[in-house]
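First up is the structure itself, then whatever we jot down about it.
The values are calculated or read from the model by the stated rules, or taken from the named source; none is laboratory data. Given the structure is predicted, the values throughout are model-derived calculations rather than measurements. Here the Cβ positions follow ideal geometry from the backbone for every residue, glycine too, while neighbour counts run over all protein chains shown.
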Amino acid sequence: MYQRAKAILCALILWLMILGEALAALAWLAAKGAAVLGREGKSGLGAFLTAPATQIRIFRVLRAFLPNLSIGKVVMKCYGNTGTAVVTRRADVLDVLNRNEEFEVVYGTRMRKLTGGENFFLGMQPGWDYTRDTSAMRLAAQRTDVLGIVAPRARELSTRIVAESGGRIDLPVDLGMMIPWDMTEHYFGVGGQRELMESWTTTLFWYLFEDLTADPALDSRAMKDAAELRDYLDRAIAARKASGEPWGHVILDRCLALQSAGTPGMSDLGIRNNLLGLLIGAIPTISKACCLAMDELLNRPEALASAHQAAVRGDHAAVAQHIWEALRFNPHNPVIYRRATRDAWVAKGTARQCLVKRGQIVFAATLSAMFDRHEIADPNAFRTDRPWEDYIIWGYGMHECFGAAINAAVIPEILTPLLAQKNLRRAPGSDGQVDGGGTPHPQHFHLEFDV
């Protein structure tokens, strides 16, 4: 009886905390929203509503009062759907991302447009094609390469670039895109011309994952860039095969070695499509995560000072913990999209149960899941002692980012030499703010430090 009473009391206290936080969030949203409307009019609402601090509070309200909701309105225009559902509780977000048969990935239609016909495993449902391609590419991109090849080179380059910068860095240009591009050149084996590759992959990532309005101008630009990237990869594969040189450690060489051994899925076309998918995910993801994490740390002087101390003593694990926590507050993908293949219940049998209708897009709110007080300790505090399992940064389940291990190693290597500098700060004025240059991805973000 005592244990039962204690459990009821704890549940009541938890609910009161959640309710109080939700009401405070509502008050904050009302006050800030009114201020933005009064200062900027409706034109300023978009930036306000998409800001991480705003979204954190919106999800806080939803988790308390409407944790799972389903509406008939079509919000996402880029992938076919019949309506929208939003899932905010951590248990339900992970449940949706695990139920692949009922909640499918949607990217296949656009991926086929980028490849000129074939899908990439990111857009595949469970089955032979998915197993074939992911298995073959894991033989080509081996996990031991991360610490043996990729991370050491990233550390060396970042250290040298920061040392030679003269106390001023444009983070995405000098480090965020530069080092991932170098990885595609020296580890993937298909980096090509740097500015072109950065432009291609940024446009195609935007087109696949962030074009909710189905912008026709972006569609046209993406088709042009995809055709150019396909042509480049076809030429690179043909030239490497014709060279007659022994295969090396780069991914392209390993793919061709697998092809010569008769490995399924390793035709020239299969290699090209898999490399195209990997390239799209590599440069924009790493660069954006670096910029968002640094932006968040600069907004938190105590966290920045702690990260600086960790970087000075060469504690890469501690630096990484600061980065992951910063990305919890300022993630590069606050939601993951799925589409219901049939009518399906979320949280069935609970007070928050919700029926998602066949064809509806589900916004599985990973940002919300990382702040769910039901499962995340002290969610509103910036803490660097959280277990890795608290974070949903690179997706979850079958379609977790293929390069998650690379991201987890390379991003701290990129930022550690910069965080180790004295008096790291934003450059004055607008130069010191993240500038997307009309895209969802940072193009410029100037930082300064004492030399």
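Could you please give the count of residues in region 394-419 that are assigned to a helix (DSSP H, G or I) and over 28 Å from VAL312 (Cβ atoms)?
3
Please state which one of GLU325, GLU389 is in a helix (DSSP H, G or I) and either crowded, with 22+ Cβ neighbours inside 10 Å or of a type in the set (S, T, N, Q) (or both).
GLU325
Take PRO152 and decide whether it is within 27 Å of LEU258 (Cα to Cα), in a helix (DSSP H, G or I), in the same structural domain as PHE445 (by TED's automatic domain parsing) and in contact with a Ser or Thr (Cβ under 8 Å, 6 or more places away or on another chain).
On the way: within 27 Å of LEU258 (Cα to Cα): yes; in a helix (DSSP H, G or I): yes; in the same structural domain as PHE445 (by TED's automatic domain parsing): yes; in contact with a Ser or Thr (Cβ under 8 Å, 6 or more places away or on another chain): no.
Considered against the rule, which asks whether it is within 27 Å of LEU258 (Cα to Cα), in a helix (DSSP H, G or I), in the same structural domain as PHE445 (by TED's automatic domain parsing) and in contact with a Ser or Thr (Cβ under 8 Å, 6 or more places away or on another chain), PRO152 comes out as no.
Among LEU218, LEU208, which is the only one that is in contact (Cβ under 8 Å) with a residue 24 or more places away in the chain and within 30 Å of MET76 (Cβ to Cβ)?
Result of the check over LEU218, LEU208: LEU208.
Would you mind finding the one in TYR107, TYR130 that is modelled with pLDDT under 95, in contact with a Leu (Cβ under 8 Å, 6 or more places away or on another chain) and crowded, with 18+ Cβ neighbours inside 10 Å? Outline the logic, then answer.
On the way: TYR130 fails: in contact with a Leu (Cβ under 8 Å, 6 or more places away or on another chain).
None of the other options fit; the residue is TYR107.
Collect the residues in region 412-441 that are out of contact with any Asp or Glu (no Cβ under 8 Å at 6 or more places or on another chain) and on the phi > 0 side of the Ramachandran plot, keeping them in residue-number order.
Matches in region 412-441: GLY429, GLY437, GLY438.
Could you please give the count of residues in region 248-270 that are under 21 Å from ASP182 (Cβ atoms) and in contact with a Leu (Cβ under 9 Å, 6 or more places away or on another chain)?
The qualifying residues number 4.
For region 88-144, how many residues are closer than 26 Å to ALA347 by Cα, within 21 Å of the chain's Cα centre (by Cα) and not aliphatic (A, V, I, L, M)?
Of the residues in region 88-144, 13 are closer than 26 Å to ALA347 by Cα, within 21 Å of the chain's Cα centre (by Cα) and not aliphatic (A, V, I, L, M).
Evaluate region 26-41: report whether one residue or more is farther than 23 Å from PHE209 by Cβ, surrounded by fewer than 17 Cβ atoms within 10 Å (Cβ to Cβ), touching a residue at least 40 places away in the same chain (Cβ under 8 Å) and not aliphatic (A, V, I, L, M).
Within region 26-41 (the criterion being farther than 23 Å from PHE209 by Cβ, surrounded by fewer than 17 Cβ atoms within 10 Å (Cβ to Cβ), touching a residue at least 40 places away in the same chain (Cβ under 8 Å) and not aliphatic (A, V, I, L, M)), the answer is no, since none of the residues qualifies.
Does ASN333 fit the bill of being assigned to a helix (DSSP H, G or I) and farther than 23 Å from GLU302 by Cα?
no
Scanning for something within 16 Å of ARG383 (Cβ to Cβ), surrounded by fewer than 17 Cβ atoms within 10 Å (Cβ to Cβ) and not acidic (Asp, Glu), does region 329-343 turn up at least one residue?
Checked against the condition, which is being within 16 Å of ARG383 (Cβ to Cβ), surrounded by fewer than 17 Cβ atoms within 10 Å (Cβ to Cβ) and not acidic (Asp, Glu), region 329-343 yields no hits at all.
I need the full set of residues from region 85-104 which are crowded, with 18+ Cβ neighbours inside 10 Å and among the basic types (Lys, Arg), in order please.
Result: ARG89, ARG90.
Considering only residues that are in contact (Cβ under 8 Å) with a residue 60 or more places away in the chain and of a type in the set (Asp, Glu), look in region 379-426 and name the one that is nearest to VAL93 (Cα to Cα).
ASP390
Say whether the condition of being in contact with a Cys (Cβ under 8 Å, 6 or more places away or on another chain), within 30 Å of ILE18 (Cα to Cα) and buried (at least 18 other Cβ atoms within 10 Å of the Cβ) is met by at least one residue in region 71-84.
Looking for residues that are in contact with a Cys (Cβ under 8 Å, 6 or more places away or on another chain), within 30 Å of ILE18 (Cα to Cα) and buried (at least 18 other Cβ atoms within 10 Å of the Cβ), one finds none in region 71-84, hence no.
Are any residues in region 69-87 in a loop (DSSP other than H, G, I, E, B) and over 21 Å from the mean Cα position of the chain (by Cα), and if so, which ones?
At the first step, the residues of region 69-87 found to be in a loop (DSSP other than H, G, I, E, B) are 72-82.
Within region 69-87, GLY72, LYS73, VAL74, GLY80, ASN81, THR82 meet the criteria.
Taking the criterion of being free of Cβ contacts under 8 Å to residues at least 24 places away in the same chain, among the basic types (Lys, Arg), assigned by TED's automatic domain parsing to the domain that holds PRO264 and under 28 Å from MET223 (Cα atoms), would at least one residue in region 185-197 satisfy it?
Yes, region 185-197 contains a residue that is free of Cβ contacts under 8 Å to residues at least 24 places away in the same chain, among the basic types (Lys, Arg), assigned by TED's automatic domain parsing to the domain that holds PRO264 and under 28 Å from MET223 (Cα atoms).
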